[in-house]
Amino acid sequence: MEEVLLGIVSTINNYLSNYVLIILLLGMGIWFTVRTKFIQFRCFGEGWRRLFGDFSLRGGNQGGGMTSFQALATAVAAQVGTGNIVGACGAIIVGGPGAIFWMWIIALLGMATNYAEAVMAQKTRVVDADGTVHGGPVYYITAAFKGNGGKFLAGFFAVAIILALGFMGCMVQSNSIAETMNNAFSIPTWAVGLVVVVLAGIVFIGGVSRLAAVTEKIVPVMAVIYVVGSLIVLIMNAANIPATFALIFECAFNPDATVGGATFGIIAAISQGAKRGLFSNEAGMGSTPHAHALAEVKDPHEQGVVAMIGVFIDTIIVVTMTALVVLSVLYVGDGVLATGDYATLTAETITKTNIAQMAFGQFMGEGLGAWFVAICLMFFAFSTILSWNLFAKLNVEWLFGKKAVLPFTIVALLFIFAGSLLSNDLVWEMADMFNQLMVLPNAIALFALSGAVLAVANGKHDKKAIDVHEEKLADEARAREHRNLK
(Lines give C-alpha, C1' and ligand atoms only; values in the text may rest on other atoms or scores of the structure.)
Protein backbone atom coordinates (compact mmCIF):
# COMPACT_ATOMS: atom_id res chain seq x y z
CA MET A 1 0.00 0.00 0.00
CA GLU A 2 2.81 2.38 0.88
CA GLU A 3 4.55 1.72 -2.44
CA VAL A 4 1.34 2.37 -4.39
CA LEU A 5 0.76 5.66 -2.53
CA LEU A 6 4.40 6.66 -3.09
CA GLY A 7 4.02 6.05 -6.83
CA ILE A 8 0.85 8.17 -7.08
CA VAL A 9 2.28 11.05 -5.07
CA SER A 10 5.57 10.94 -7.00
CA THR A 11 3.71 11.19 -10.31
CA ILE A 12 1.77 14.24 -9.14
CA ASN A 13 4.97 15.83 -7.84
CA ASN A 14 6.82 15.26 -11.10
CA TYR A 15 4.11 17.07 -13.04
CA LEU A 16 3.91 19.95 -10.56
CA SER A 17 7.66 20.44 -10.14
CA ASN A 18 8.65 19.92 -13.78
CA TYR A 19 6.02 22.25 -15.23
CA VAL A 20 3.70 24.20 -12.91
CA LEU A 21 6.18 24.99 -10.16
CA ILE A 22 9.02 26.09 -12.40
CA ILE A 23 6.74 28.40 -14.38
CA LEU A 24 5.16 29.95 -11.29
CA LEU A 25 8.32 30.37 -9.23
CA LEU A 26 10.45 31.72 -12.04
CA GLY A 27 7.53 33.78 -13.33
CA MET A 28 6.82 35.38 -9.96
CA GLY A 29 10.48 35.97 -9.25
CA ILE A 30 11.17 37.58 -12.61
CA TRP A 31 7.93 39.60 -12.52
CA PHE A 32 8.55 41.13 -9.09
CA THR A 33 12.28 41.53 -9.72
CA VAL A 34 11.71 43.58 -12.87
CA ARG A 35 8.61 45.47 -11.71
CA THR A 36 10.16 46.47 -8.36
CA LYS A 37 13.31 47.60 -10.17
CA PHE A 38 15.44 44.77 -8.72
CA ILE A 39 14.52 45.52 -5.14
CA GLN A 40 16.47 42.55 -3.79
CA PHE A 41 19.66 44.23 -5.01
CA ARG A 42 18.94 47.94 -4.59
CA CYS A 43 17.53 47.46 -1.06
CA PHE A 44 19.86 44.64 -0.02
CA GLY A 45 21.92 46.87 2.26
CA GLU A 46 18.80 48.43 3.78
CA GLY A 47 17.53 44.96 4.67
CA TRP A 48 20.69 44.13 6.58
CA ARG A 49 20.70 47.53 8.34
CA ARG A 50 17.12 47.08 9.49
CA LEU A 51 17.88 43.52 10.58
CA PHE A 52 20.82 44.49 12.78
CA GLY A 53 19.08 47.67 13.92
CA ASP A 54 16.38 45.52 15.52
CA PHE A 55 18.65 42.63 16.50
CA SER A 56 18.10 41.28 20.00
CA LEU A 57 18.15 37.90 21.68
CA ARG A 58 15.71 39.27 24.27
CA GLY A 59 13.03 41.07 22.30
CA GLY A 60 10.50 40.62 25.07
CA ASN A 61 6.77 40.03 24.92
CA GLN A 62 5.17 42.08 22.14
CA GLY A 63 1.60 41.28 23.10
CA GLY A 64 -0.16 39.77 20.11
CA GLY A 65 2.69 40.52 17.70
CA MET A 66 6.48 40.37 17.38
CA THR A 67 9.43 42.68 16.86
CA SER A 68 10.74 42.82 13.31
CA PHE A 69 13.71 40.63 14.29
CA GLN A 70 11.49 38.10 16.07
CA ALA A 71 9.35 37.88 12.95
CA LEU A 72 12.43 37.30 10.78
CA ALA A 73 13.79 34.74 13.25
CA THR A 74 10.45 32.90 13.13
CA ALA A 75 10.48 33.03 9.32
CA VAL A 76 14.10 31.86 9.12
CA ALA A 77 13.31 29.11 11.63
CA ALA A 78 10.74 27.89 9.11
CA GLN A 79 13.09 28.33 6.15
CA VAL A 80 16.24 26.83 7.66
CA GLY A 81 15.31 23.21 8.27
CA THR A 82 15.99 19.82 6.77
CA GLY A 83 15.81 21.39 3.32
CA ASN A 84 19.15 23.06 3.98
CA ILE A 85 20.93 19.77 4.66
CA VAL A 86 18.85 16.76 3.64
CA GLY A 87 16.97 18.63 0.90
CA ALA A 88 20.11 20.12 -0.64
CA CYS A 89 21.81 16.73 -0.59
CA GLY A 90 18.75 15.12 -2.16
CA ALA A 91 18.81 17.72 -4.94
CA ILE A 92 22.46 16.92 -5.65
CA ILE A 93 21.94 13.14 -5.67
CA VAL A 94 18.92 13.26 -8.01
CA GLY A 95 19.59 16.37 -10.09
CA GLY A 96 23.37 16.47 -9.93
CA PRO A 97 25.63 19.26 -8.66
CA GLY A 98 24.02 21.67 -11.15
CA ALA A 99 20.84 21.67 -9.06
CA ILE A 100 22.63 23.94 -6.57
CA PHE A 101 23.07 26.64 -9.22
CA TRP A 102 19.34 26.61 -9.91
CA MET A 103 18.63 26.76 -6.19
CA TRP A 104 20.70 29.96 -6.15
CA ILE A 105 18.69 31.40 -9.05
CA ILE A 106 15.39 30.48 -7.42
CA ALA A 107 16.58 32.13 -4.20
CA LEU A 108 17.77 35.38 -5.82
CA LEU A 109 14.50 35.74 -7.69
CA GLY A 110 12.59 34.52 -4.65
CA MET A 111 13.92 37.42 -2.58
CA ALA A 112 11.70 39.75 -4.62
CA THR A 113 8.76 37.36 -4.24
CA ASN A 114 9.28 37.17 -0.49
CA TYR A 115 9.34 40.96 -0.36
CA ALA A 116 5.92 41.01 -2.04
CA GLU A 117 4.56 38.40 0.38
CA ALA A 118 5.75 40.30 3.46
CA VAL A 119 4.43 43.64 2.18
CA MET A 120 0.98 42.22 1.48
CA ALA A 121 0.92 40.37 4.80
CA GLN A 122 1.57 43.70 6.53
CA LYS A 123 -0.98 45.64 4.47
CA THR A 124 -3.83 43.18 5.06
CA ARG A 125 -3.21 42.08 8.62
CA VAL A 126 -5.97 42.41 11.22
CA VAL A 127 -5.57 43.42 14.88
CA ASP A 128 -8.21 42.31 17.37
CA ALA A 129 -9.45 44.47 20.23
CA ASP A 130 -7.15 42.58 22.64
CA GLY A 131 -4.11 43.31 20.48
CA THR A 132 -3.85 39.86 18.89
CA VAL A 133 -2.52 40.12 15.34
CA HIS A 134 -3.77 37.96 12.46
CA GLY A 135 -2.28 37.90 9.00
CA GLY A 136 -1.10 35.78 6.11
CA PRO A 137 -2.06 34.77 2.59
CA VAL A 138 -5.72 34.03 3.43
CA TYR A 139 -6.14 37.72 4.23
CA TYR A 140 -4.52 39.07 1.08
CA ILE A 141 -6.18 36.39 -1.07
CA THR A 142 -9.64 37.52 0.10
CA ALA A 143 -8.54 41.13 -0.36
CA ALA A 144 -7.52 40.41 -3.95
CA PHE A 145 -10.65 38.47 -4.90
CA LYS A 146 -14.01 39.45 -3.49
CA GLY A 147 -16.92 37.05 -3.04
CA ASN A 148 -16.98 33.28 -3.21
CA GLY A 149 -13.98 33.06 -5.54
CA GLY A 150 -11.69 34.65 -2.99
CA LYS A 151 -13.12 32.55 -0.16
CA PHE A 152 -12.56 29.37 -2.17
CA LEU A 153 -8.93 30.22 -2.98
CA ALA A 154 -8.25 31.25 0.61
CA GLY A 155 -9.90 28.07 1.90
CA PHE A 156 -7.88 25.95 -0.55
CA PHE A 157 -4.69 27.61 0.68
CA ALA A 158 -5.64 27.19 4.34
CA VAL A 159 -6.34 23.47 3.92
CA ALA A 160 -3.15 22.97 1.90
CA ILE A 161 -0.93 24.69 4.47
CA ILE A 162 -2.50 22.79 7.36
CA LEU A 163 -1.71 19.52 5.59
CA ALA A 164 1.63 20.68 4.16
CA LEU A 165 3.19 22.24 7.23
CA GLY A 166 1.04 21.36 10.21
CA PHE A 167 1.03 17.64 9.43
CA MET A 168 3.22 16.36 6.55
CA GLY A 169 5.93 18.99 6.79
CA CYS A 170 6.48 18.43 10.49
CA MET A 171 6.68 14.70 9.78
CA VAL A 172 9.58 15.43 7.40
CA GLN A 173 11.38 17.41 10.07
CA SER A 174 10.94 14.82 12.82
CA ASN A 175 11.82 12.03 10.37
CA SER A 176 15.14 13.69 9.53
CA ILE A 177 15.91 14.43 13.19
CA ALA A 178 15.22 10.82 14.15
CA GLU A 179 17.29 9.29 11.34
CA THR A 180 20.34 11.52 11.79
CA MET A 181 20.31 11.10 15.59
CA ASN A 182 20.03 7.36 15.09
CA ASN A 183 22.97 7.41 12.65
CA ALA A 184 25.09 9.51 15.00
CA PHE A 185 24.18 8.21 18.46
CA SER A 186 22.23 4.95 17.80
CA ILE A 187 19.23 6.38 19.65
CA PRO A 188 15.98 4.59 18.67
CA THR A 189 13.95 6.73 16.31
CA TRP A 190 10.82 6.38 18.44
CA ALA A 191 12.69 7.77 21.46
CA VAL A 192 13.89 10.78 19.48
CA GLY A 193 10.34 11.35 18.23
CA LEU A 194 8.98 11.25 21.77
CA VAL A 195 11.47 13.88 22.99
CA VAL A 196 10.68 16.15 20.05
CA VAL A 197 6.95 15.87 20.77
CA VAL A 198 7.39 16.83 24.43
CA LEU A 199 9.63 19.83 23.70
CA ALA A 200 7.43 21.03 20.84
CA GLY A 201 4.30 20.67 22.97
CA ILE A 202 5.77 22.93 25.66
CA VAL A 203 6.38 25.70 23.11
CA PHE A 204 3.03 25.21 21.36
CA ILE A 205 1.17 25.73 24.65
CA GLY A 206 3.04 29.01 25.27
CA GLY A 207 1.66 30.63 22.11
CA VAL A 208 3.22 33.33 19.94
CA SER A 209 5.21 35.05 22.69
CA ARG A 210 6.96 31.84 23.79
CA LEU A 211 7.66 30.82 20.20
CA ALA A 212 9.18 34.23 19.45
CA ALA A 213 11.33 34.02 22.57
CA VAL A 214 12.65 30.61 21.50
CA THR A 215 13.27 31.32 17.81
CA GLU A 216 15.05 34.64 18.41
CA LYS A 217 17.64 32.72 20.47
CA ILE A 218 17.91 29.45 18.57
CA VAL A 219 18.11 30.79 15.00
CA PRO A 220 21.18 33.07 15.25
CA VAL A 221 23.14 30.56 17.34
CA MET A 222 22.36 27.52 15.17
CA ALA A 223 23.15 29.38 11.95
CA VAL A 224 26.51 30.63 13.21
CA ILE A 225 27.54 27.21 14.53
CA TYR A 226 26.71 25.48 11.24
CA VAL A 227 28.37 28.10 9.06
CA VAL A 228 31.54 28.16 11.19
CA GLY A 229 31.75 24.35 11.15
CA SER A 230 31.30 24.35 7.38
CA LEU A 231 33.94 27.02 6.88
CA ILE A 232 36.44 24.99 8.90
CA VAL A 233 35.94 22.00 6.56
CA LEU A 234 36.14 24.22 3.46
CA ILE A 235 39.36 25.86 4.64
CA MET A 236 40.89 22.44 5.26
CA ASN A 237 39.74 21.37 1.80
CA ALA A 238 40.45 24.69 0.03
CA ALA A 239 42.32 23.04 -2.86
CA ASN A 240 39.07 21.48 -4.13
CA ILE A 241 36.93 24.63 -3.99
CA PRO A 242 37.68 25.91 -7.56
CA ALA A 243 36.88 22.48 -9.01
CA THR A 244 33.67 22.39 -6.96
CA PHE A 245 32.35 25.63 -8.44
CA ALA A 246 33.39 24.48 -11.92
CA LEU A 247 31.42 21.26 -11.41
CA ILE A 248 28.31 23.15 -10.29
CA PHE A 249 28.31 25.37 -13.38
CA GLU A 250 29.17 22.53 -15.76
CA CYS A 251 26.30 20.37 -14.52
CA ALA A 252 23.91 23.33 -14.55
CA PHE A 253 24.35 23.96 -18.29
CA ASN A 254 25.87 20.86 -19.87
CA PRO A 255 23.22 18.21 -20.72
CA ASP A 256 25.94 15.56 -20.88
CA ALA A 257 27.66 16.40 -17.59
CA THR A 258 28.96 13.23 -15.96
CA VAL A 259 29.87 12.55 -12.34
CA GLY A 260 31.12 9.15 -11.21
CA GLY A 261 29.75 7.56 -14.37
CA ALA A 262 26.26 9.09 -13.99
CA THR A 263 24.96 11.63 -16.51
CA PHE A 264 22.82 14.53 -15.31
CA GLY A 265 20.55 16.53 -17.60
CA ILE A 266 19.68 20.21 -17.38
CA ILE A 267 15.97 19.50 -16.88
CA ALA A 268 16.69 17.31 -13.85
CA ALA A 269 18.96 19.99 -12.40
CA ILE A 270 16.36 22.74 -12.87
CA SER A 271 13.53 20.57 -11.55
CA GLN A 272 15.40 19.55 -8.41
CA GLY A 273 16.71 23.08 -7.91
CA ALA A 274 13.18 24.50 -8.11
CA LYS A 275 11.60 21.81 -5.93
CA ARG A 276 14.25 21.82 -3.21
CA GLY A 277 14.72 25.58 -3.52
CA LEU A 278 11.04 26.06 -2.69
CA PHE A 279 11.18 23.60 0.19
CA SER A 280 14.31 25.31 1.49
CA ASN A 281 13.62 29.07 1.30
CA GLU A 282 9.80 28.91 0.92
CA ALA A 283 9.66 32.09 -1.20
CA GLY A 284 6.34 32.12 -3.00
CA MET A 285 4.94 29.27 -0.95
CA GLY A 286 2.95 31.50 1.40
CA SER A 287 4.33 30.24 4.70
CA THR A 288 6.63 33.01 5.98
CA PRO A 289 4.10 35.86 5.43
CA HIS A 290 2.37 34.60 8.58
CA ALA A 291 5.43 35.58 10.60
CA HIS A 292 6.04 38.87 8.81
CA ALA A 293 2.41 39.90 9.33
CA LEU A 294 3.04 39.81 13.10
CA ALA A 295 5.96 42.27 12.98
CA GLU A 296 5.33 45.65 14.60
CA VAL A 297 6.82 48.05 12.03
CA LYS A 298 5.92 51.54 10.85
CA ASP A 299 5.70 50.67 7.17
CA PRO A 300 5.22 47.44 5.16
CA HIS A 301 8.38 48.19 3.18
CA GLU A 302 10.46 47.86 6.34
CA GLN A 303 9.42 44.27 6.89
CA GLY A 304 9.58 43.54 3.17
CA VAL A 305 13.31 44.27 2.94
CA VAL A 306 13.97 42.32 6.15
CA ALA A 307 12.03 39.37 4.74
CA MET A 308 14.34 39.27 1.71
CA ILE A 309 17.33 38.68 3.98
CA GLY A 310 15.71 35.51 5.29
CA VAL A 311 15.80 33.95 1.79
CA PHE A 312 19.42 35.04 1.36
CA ILE A 313 20.47 33.54 4.71
CA ASP A 314 18.63 30.31 4.01
CA THR A 315 19.83 29.47 0.51
CA ILE A 316 22.77 31.66 -0.47
CA ILE A 317 24.51 31.11 2.87
CA VAL A 318 23.33 27.92 4.62
CA VAL A 319 22.47 25.75 1.59
CA THR A 320 25.68 26.85 -0.11
CA MET A 321 27.69 25.74 2.92
CA THR A 322 26.13 22.28 2.74
CA ALA A 323 26.63 22.01 -1.01
CA LEU A 324 30.26 23.12 -1.00
CA VAL A 325 31.20 20.73 1.80
CA VAL A 326 29.47 17.73 0.18
CA LEU A 327 30.68 18.44 -3.35
CA SER A 328 34.27 19.41 -2.46
CA VAL A 329 34.74 16.31 -0.30
CA LEU A 330 32.79 13.62 -2.17
CA TYR A 331 32.33 14.76 -5.79
CA VAL A 332 35.67 16.21 -6.91
CA GLY A 333 39.27 15.06 -6.77
CA ASP A 334 39.46 11.57 -5.31
CA GLY A 335 36.01 11.75 -3.67
CA VAL A 336 34.10 8.47 -3.56
CA LEU A 337 31.31 9.83 -5.80
CA ALA A 338 33.79 11.21 -8.34
CA THR A 339 35.81 8.04 -8.82
CA GLY A 340 33.45 5.28 -7.72
CA ASP A 341 30.30 3.67 -9.09
CA TYR A 342 27.87 6.54 -8.50
CA ALA A 343 24.70 4.56 -9.24
CA THR A 344 25.59 1.70 -6.90
CA LEU A 345 26.85 3.91 -4.08
CA THR A 346 23.79 6.19 -4.07
CA ALA A 347 21.43 3.24 -4.38
CA GLU A 348 22.92 1.13 -1.60
CA THR A 349 25.02 3.08 0.87
CA ILE A 350 24.76 6.86 0.36
CA THR A 351 21.46 8.66 0.89
CA LYS A 352 20.32 12.26 1.21
CA THR A 353 20.12 11.69 4.97
CA ASN A 354 23.68 10.48 5.61
CA ILE A 355 25.70 12.05 2.79
CA ALA A 356 26.36 15.29 4.70
CA GLN A 357 27.49 13.31 7.74
CA MET A 358 29.93 11.39 5.53
CA ALA A 359 31.34 14.62 4.06
CA PHE A 360 31.86 16.33 7.40
CA GLY A 361 33.16 13.08 8.86
CA GLN A 362 36.08 12.90 6.43
CA PHE A 363 37.63 15.98 8.03
CA MET A 364 36.17 15.99 11.54
CA GLY A 365 36.39 12.23 12.03
CA GLU A 366 33.53 9.86 11.29
CA GLY A 367 31.98 10.09 14.74
CA LEU A 368 32.38 13.84 15.24
CA GLY A 369 31.15 14.62 11.72
CA ALA A 370 28.00 12.57 12.23
CA TRP A 371 27.41 14.22 15.62
CA PHE A 372 27.92 17.73 14.25
CA VAL A 373 25.42 17.30 11.41
CA ALA A 374 22.91 15.51 13.63
CA ILE A 375 22.97 18.23 16.28
CA CYS A 376 22.77 21.08 13.75
CA LEU A 377 19.95 19.38 11.86
CA MET A 378 18.13 18.75 15.14
CA PHE A 379 18.09 22.49 15.90
CA PHE A 380 17.26 23.40 12.29
CA ALA A 381 14.38 20.95 12.07
CA PHE A 382 13.03 21.58 15.58
CA SER A 383 12.84 25.33 15.02
CA THR A 384 11.08 24.66 11.72
CA ILE A 385 8.50 22.48 13.47
CA LEU A 386 7.75 25.36 15.85
CA SER A 387 7.24 27.92 13.08
CA TRP A 388 5.32 25.62 10.75
CA ASN A 389 2.93 24.68 13.54
CA LEU A 390 2.24 28.38 14.16
CA PHE A 391 1.56 29.03 10.47
CA ALA A 392 -0.81 26.06 10.23
CA LYS A 393 -2.50 26.98 13.51
CA LEU A 394 -3.27 30.50 12.26
CA ASN A 395 -5.09 28.96 9.30
CA VAL A 396 -6.94 26.46 11.48
CA GLU A 397 -8.19 29.40 13.56
CA TRP A 398 -9.17 31.31 10.38
CA LEU A 399 -11.18 28.33 9.15
CA PHE A 400 -12.73 26.98 12.33
CA GLY A 401 -12.17 29.45 15.18
CA LYS A 402 -10.09 29.27 18.36
CA LYS A 403 -11.84 26.17 19.69
CA ALA A 404 -10.26 24.12 16.91
CA VAL A 405 -6.69 25.05 17.90
CA LEU A 406 -6.30 22.56 20.77
CA PRO A 407 -7.55 19.52 18.80
CA PHE A 408 -5.29 20.55 15.91
CA THR A 409 -2.30 20.81 18.25
CA ILE A 410 -2.89 17.30 19.61
CA VAL A 411 -3.19 15.80 16.12
CA ALA A 412 -0.10 17.73 14.97
CA LEU A 413 1.94 16.26 17.83
CA LEU A 414 0.82 12.76 16.81
CA PHE A 415 2.00 13.45 13.25
CA ILE A 416 5.36 14.66 14.57
CA PHE A 417 5.80 11.39 16.44
CA ALA A 418 4.66 9.33 13.46
CA GLY A 419 7.19 11.12 11.26
CA SER A 420 10.03 9.62 13.30
CA LEU A 421 8.83 6.12 12.35
CA LEU A 422 7.68 6.32 8.70
CA SER A 423 9.46 5.90 5.37
CA ASN A 424 11.64 8.86 4.49
CA ASP A 425 10.75 8.82 0.77
CA LEU A 426 6.98 8.78 1.29
CA VAL A 427 7.10 11.52 3.91
CA TRP A 428 9.20 13.77 1.68
CA GLU A 429 7.04 13.18 -1.40
CA MET A 430 3.80 13.97 0.43
CA ALA A 431 5.29 17.11 1.96
CA ASP A 432 6.50 18.20 -1.49
CA MET A 433 3.05 17.70 -2.99
CA PHE A 434 1.20 19.81 -0.44
CA ASN A 435 3.95 22.47 -0.47
CA GLN A 436 3.54 22.82 -4.21
CA LEU A 437 -0.25 23.00 -3.99
CA MET A 438 0.12 25.93 -1.57
CA VAL A 439 1.93 27.91 -4.23
CA LEU A 440 -1.05 28.00 -6.61
CA PRO A 441 -3.51 30.29 -4.74
CA ASN A 442 -0.65 32.30 -3.22
CA ALA A 443 0.86 33.04 -6.62
CA ILE A 444 -2.49 33.96 -8.17
CA ALA A 445 -3.17 36.47 -5.38
CA LEU A 446 0.30 38.01 -5.52
CA PHE A 447 0.02 38.59 -9.27
CA ALA A 448 -3.39 40.19 -8.73
CA LEU A 449 -1.97 42.46 -6.01
CA SER A 450 1.09 43.56 -7.96
CA GLY A 451 -0.09 47.17 -7.97
CA ALA A 452 -0.12 47.34 -4.17
CA VAL A 453 3.34 45.77 -3.94
CA LEU A 454 4.81 48.12 -6.54
CA ALA A 455 3.31 51.14 -4.81
CA VAL A 456 5.19 50.24 -1.62
CA ALA A 457 8.39 49.16 -3.40
CA ASN A 458 8.56 52.36 -5.43
CA GLY A 459 7.70 54.58 -2.48
CA LYS A 460 4.33 55.78 -3.76
CA HIS A 461 2.17 54.11 -1.11
CA ASP A 462 -0.95 54.44 -3.17
CA LYS A 463 -3.77 53.48 -0.83
CA LYS A 464 -6.06 52.81 -3.79
CA ALA A 465 -3.75 50.09 -5.08
CA ILE A 466 -5.63 47.56 -2.99
CA ASP A 467 -9.19 47.79 -1.78
CA VAL A 468 -8.78 46.90 1.89
CA HIS A 469 -10.74 49.35 4.03
CA GLU A 470 -10.98 49.72 7.79
CA GLU A 471 -14.63 48.68 7.62
CA LYS A 472 -13.70 45.39 5.91
CA LEU A 473 -11.01 44.69 8.49
CA ALA A 474 -13.47 45.36 11.29
CA ASP A 475 -15.94 42.97 9.67
CA GLU A 476 -13.21 40.30 9.51
CA ALA A 477 -12.51 40.74 13.23
CA ARG A 478 -16.19 40.57 14.17
CA ALA A 479 -16.73 37.46 12.03
CA ARG A 480 -13.76 35.74 13.64
CA GLU A 481 -14.96 36.58 17.14
CA HIS A 482 -18.39 35.19 16.22
CA ARG A 483 -16.82 31.89 15.08
CA ASN A 484 -14.78 31.70 18.28
CA LEU A 485 -17.88 32.10 20.45
CA LYS A 486 -19.68 29.21 18.82
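Please calculate how many Å² of accessible area region 192-296 carries per residue, with a 1.4 Å probe and no DNA, RNA or ligand atoms counted.
36 Å²
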In debye to the nearest 20, the charge dipole size for the chain, taken about the Cα centre with +1 at each Lys and Arg Cβ and -1 at each Asp and Glu Cβ, equals 1400 debye
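Based on the alpha-carbon gyration tensor of region 244-347 and its eigenvalue square roots a ≥ b ≥ c, which shape applies: rounded if a/c is under 1.5, prolate if not and a/b is larger than b/c, or oblate?
Because a/c hits 1.5 or more and a/b exceeds b/c, region 244-347 counts as prolate.
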In square nanometres, what is the average projected area of the Cα convex hull of the chain?
21.1 nm²
I'd like the FRET efficiency for D341 and V4, computed as 1/(1 + (r/R0)^6) with the beta carbon distance as r and R0 of 25 Å, rounded to 0.05.
0.25
Spin-label model distance (nm) - W190 vs F41, 7 Å beyond Cα toward Cβ
5.6 nm
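Classify region 1-55 as rounded, prolate or oblate, taking a ≥ b ≥ c as the square roots of the eigenvalues of its Cα gyration tensor: rounded when a/c is under 1.5, otherwise prolate if a/b is larger than b/c and oblate if not.
Details: a/c = 7.98, a/b = 2.16, b/c = 3.70.
Oblate shape, in that a/c is at least 1.5 and b/c is the bigger or equal ratio.
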Give the carbon-plus-sulfur fraction of the accessible surface of region 100-189 in %, rounded to a whole number; probe 1.4 Å, heavy atoms of protein chains only.
64 percent
Obtain the nm distance between the two label points defined at N254 and Y19 by a simple spin-label model: each point lies 7 Å from its Cα along the Cα-to-C-beta direction.
3.2 nm
Overall form of region 126-208 per C-alpha gyration tensor (a/c, 1.5; a/b vs b/c):
oblate
Within region 356-373, the residues whose backbone N lies under 14 Å from a label point placed 7 Å from the Cα of M236 along the Cα-to-Cβ direction are 357-373
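So, R0 is 45 Å and r is the distance between the beta-carbons of I317 and D130; what FRET efficiency does that work out to, to 0.05?
The calculated FRET efficiency here is 0.75.
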Taking the Cβ-Cβ separation of N458 and A404 as r and a Förster radius of 41 Å, what is the calculated FRET efficiency to the nearest 0.05?
0.50
Restricting to Cα pairs under 8 Å and 6 or more apart, the percent relative contact order of the chain works out to 33 percent
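The values are calculated or read from the model by the stated rules, or taken from the named source; none is laboratory data. This is a predicted model, so every value here is computed, not measured. Counting neighbours? That spans all protein chains shown, and the Cβs are built from the backbone with ideal geometry, glycine included. Accessible surface is based on the protein model in full, side chains and every heavy atom, while ligands, DNA and RNA are left aside. Shrake-Rupley method; radii C 1.70, N 1.55, O 1.52, S 1.80 Å.
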